[in-house]
Each structure stands twice: as structure tokens, then as C-alpha cells.
Amino acid sequence: MIITVIRTILLYILIIIAVRIMGKRQISELQPSELVVTLLISDIASIPIQNNDQTMLSSLIPIFVLISCEILISLVMIKNDKFRKLICGKPVIVINNGQIDQKAMTELRISTQDLLEELRQKDVFDLQEVAYAIVETNGKMSILKKPSCDTVTAGQLGVQTRDNGMQAVIVSDGEIADSSLQFCDLTKKWLHQTLIREKVRLKDVFIMTANRGKQYHIIRKAGV
């Protein structure tokens, strides 16, 4: 029993390392080769967990071989576009200049309901608003609205806006996130002064976000 637990923990750590080496993609963003490697690693890793007679080395070697193959294939794809298209395919336009390409949809086996569902997930509820829709190699759909239906930007209106950077969580459950403070060009002194001004103790903060413009938002812990 103890051996099984130890094997499971070791393989768990190994798979995390393997996924970190291959990149930070989510499952829905994996390319075909990455998905195949992920599935194979999970299948190989389960063998010594289920069978104590199987040595750890018999799983470690195939896993490292798969990781090496994936890294090699990724490097080749970076250098060779034809090889990348062979492995991953290429993006397919399903709506071109406002017109649905029925042939492309048939080749991709995408139904009209699938198309409308993808559009809704992109906050598009009217098919006539779409100028272009492209199915990417990872299966996701990219949308470009028609100029008359797109959201007007400050630049188009000639309005000058200040770039305050991205909001980041600088306090989480009473703990200061030093890396987020550094990212926002903020200091602990500013943080503590802000909390004093807002009459909030650090340990009572559930979430506090801020940006480089020193704009912040504080959510207190429930019951405080």
C-alpha cells in the first residue's frame, strides 16, 4: 500500500514536470501532437500505479522519450512551416467577407448549430455582424466583426486615454503577492498606507487588486 502511494506521488510530480516542459497550454488549446503525447503519458503513468510488479523505470523511459519527441517536433515546426502544416493543419476560413463557406464547414464537419454556438461564445448573437470567422489549428474559432458592428475604440473617437496597465492581485487571502506588486511598480509602503487609509487590516483582505496607475479595489473577507 505504501509503495503504491509513493509511486503515485512520484509519477504525479513527474507528469507535472513533463507538462511544464511542454508548455502552458490548456487542454482545449493543445495541438494534435501535444494532445497525443499528453494522452500517452497519462496512460503510461497509470501502469506502475495499477501494477506494483511493473518497475518505475519501465514508465519513466517512455515518458522521457515522448517528451523529447514533442520538444524535437516543436523545434522543427518553428523552423519549417510545411512540417507544421503537416502536423497541425492550417486555419480554415468558414465565414469569408460575411459569406458562410459551406464547403469548408462540410470538410470540418461543423454544423450550423456548432457555428452559432461558437459565435455566441464570442458574444456574437447575430450572424450578419460577422465579417470573418476562422477555425484555428487548435479547434478554436477567431471572429472579426464587420466595421459597422464592431465596438468603437477610444482611438477611433480621437480620445486620449492613459495606460494604467493590467489589474493584478496584490493581496490574496491576507497574503501579499510580492511579484504582483513588482509588476505594478508598487511598494509595500504604498500598500500599507492604502490599507490604513481604507481602515482595513491586511489579514482582513480577501482580494485586493491594483494597477500601475495606483487604482485599486479591495474585497474584505466575509464576516469582517
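Quick one: which of L157, L119 is farther than 30 Å from L181 by Cα and either touching a strand residue (DSSP E or B) at 6+ places or on another chain (Cβ under 8 Å) or touching a residue at least 40 places away in the same chain (Cβ under 8 Å) (or both)? Steps first, answer last, please.
Values: L157 fails: either touching a strand residue (DSSP E or B) at 6+ places or on another chain (Cβ under 8 Å) or touching a residue at least 40 places away in the same chain (Cβ under 8 Å) (or both).
One residue alone meets the criteria, L119.
Conditions (1) over 25 Å from L35 (Cα atoms); (2) outside any helix (DSSP H, G or I); (3) at pLDDT below 90, marked per residue:
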| site | (1), (2), (3) |
| --- | --- |
| A104 | no, no, no |
| E117 | no, no, no |
| F125 | yes, yes, no |
| A131 | yes, yes, no |
| I134 | no, yes, no |
| N138 | no, yes, yes |
| L144 | yes, yes, no |
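All conditions but one from (1) part of a loop (DSSP other than H, G, I, E, B); (2) surrounded by 12 or more Cβ atoms within 10 Å (Cβ to Cβ); (3) out of contact with any strand residue (DSSP E or B) (no Cβ under 8 Å at 6 or more places or on another chain) apply to V152; the one that does not is (2).
Taken over segment 128-148, the residue count meeting the criterion of being touching a strand residue (DSSP E or B) at 6+ places or on another chain (Cβ under 8 Å) and either of a type in the set (S, T, N, Q) or surrounded by 12 or more Cβ atoms within 10 Å (Cβ to Cβ) (or both) is 14. Taking the listed residues S59, S111, S74, the one that is buried (at least 16 other Cβ atoms within 10 Å of the Cβ) and either at pLDDT 85 or above or under 29 Å from I143 (Cβ atoms) (or both) is S74, with no other qualifying.
Here is a check on your reading of the model: is D178 out of contact with any strand residue (DSSP E or B) (no Cβ under 6 Å at 6 or more places or on another chain) and modelled with pLDDT of 90 or more? Walk me through it before giving the result.
On the way: out of contact with any strand residue (DSSP E or B) (no Cβ under 6 Å at 6 or more places or on another chain): yes; modelled with pLDDT of 90 or more: yes.
Spelling it out, D178 is indeed out of contact with any strand residue (DSSP E or B) (no Cβ under 6 Å at 6 or more places or on another chain) and modelled with pLDDT of 90 or more.
Looking across D81, D101, one residue alone is more than 22 Å from the chain's Cα centre (by Cα), acidic (D, E) and surrounded by 11 or more Cβ atoms within 10 Å (Cβ to Cβ). It is D101. Scanning segment 49-56 turns up one or more residues that are at pLDDT below 85 and in a helix (DSSP H, G or I). Taken together, V94, V171 contain a single residue that is in contact (Cβ under 8 Å) with a residue 12 or more places away in the chain, more than 21 Å from the chain's Cα centre (by Cα) and within 30 Å of I207 (Cα to Cα), which is V171.
The values are calculated or read from the model by the stated rules, or taken from the named source; none is laboratory data. These numbers were taken from a predicted model, which means no experiment stands behind them. In this analysis, Cβ positions are derived from the backbone assuming ideal geometry, glycine residues included, and neighbour counts consider all displayed protein chains.
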